[in-house]
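The values are calculated or read from the model by the stated rules, or taken from the named source; none is laboratory data. Values in this document were obtained by computation on a predicted structure and should not be read as measured data. For neighbour counting, all protein chains shown are included, and Cβ atoms are generated from backbone atoms with ideal geometry for every residue, glycine included. Keep in mind that these areas ignore ligands, DNA and RNA; they rest on the heavy atoms of the full protein, side chains included. Shrake-Rupley method; radii C 1.70, N 1.55, O 1.52, S 1.80 Å.
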Amino acid sequence: MAIYRINVHTGNLSPLAGAGTDANVYITLYGDKGGSDELNLDNAGNNFEQGAVDTFALHLADLGDLQRVRVRHDNKFPFPGWYLDRIFIRNEDTNQEWTFPCNRWLAQDEDDGEIERVLDRA
Ligand SMILES: [Ca+2]
Ligand SMILES: [Ca+2]
């Protein structure tokens with residue numbers, strides 16, 4: 001088993017752009033030792049607001065060297081469009097770290113309209 005700390009950086013755009021979301025966000029991790037299940041990123045707070053960094057801890061099988069992540073939301077609640085800056089992941093047991101840049105919308109009314117993206121590590 002391993003503990004993965006996941007920092008999700010929502011974009012710091014103009015407040016009028018509505019970068020934040022209240023939709024439910026899901027992530028799947030892929031490493032050279034396999035992939036995770038699709039996991040809901042949730043904690044007690046109001047997550048994924050403009051300019052915020054939300055931190056989650058996931059207890060998973062050791063996935064090895066992470067290669068990519070798939071991230072999506074369910075488009076629920078008003079103004080669900082979300083501008084994801086990047087996702088940072090750290091394996092707290094091995095101290096390995098990975099960054100997955102996005103710098104795009106996951107929004108049906110922005111960019112290409114997709115609300116799911118696969119992010120390769122930087
Ligand atoms: Ca929110
Ligand atoms: Ca929004």
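General remarks:
- When T28, T21 are checked against the criterion of being of a type in the set (V, I, T) and part of a loop (DSSP other than H, G, I, E, B), a single residue qualifies: T21.
- Single unsatisfied condition, A44 versus (1) away from ligand 1 (no atom under 11 Å from the Cβ); (2) closer than 15 Å to R117 by Cα: (2)
- Test: residue in the stretch 26-40 that is among the hydrophobic types (A, V, I, L, M, F, W, C), open to solvent by 10 Å² or more (accessible area, probe 1.4 Å) and farther than 20 Å from Y83 by Cβ: yes
- The combined condition, being open to solvent by 50 Å² or more (accessible area, probe 1.4 Å) and either assigned to a strand (DSSP E or B) or under 15 Å from T10 (Cβ atoms) (or both), is not fulfilled by R90.
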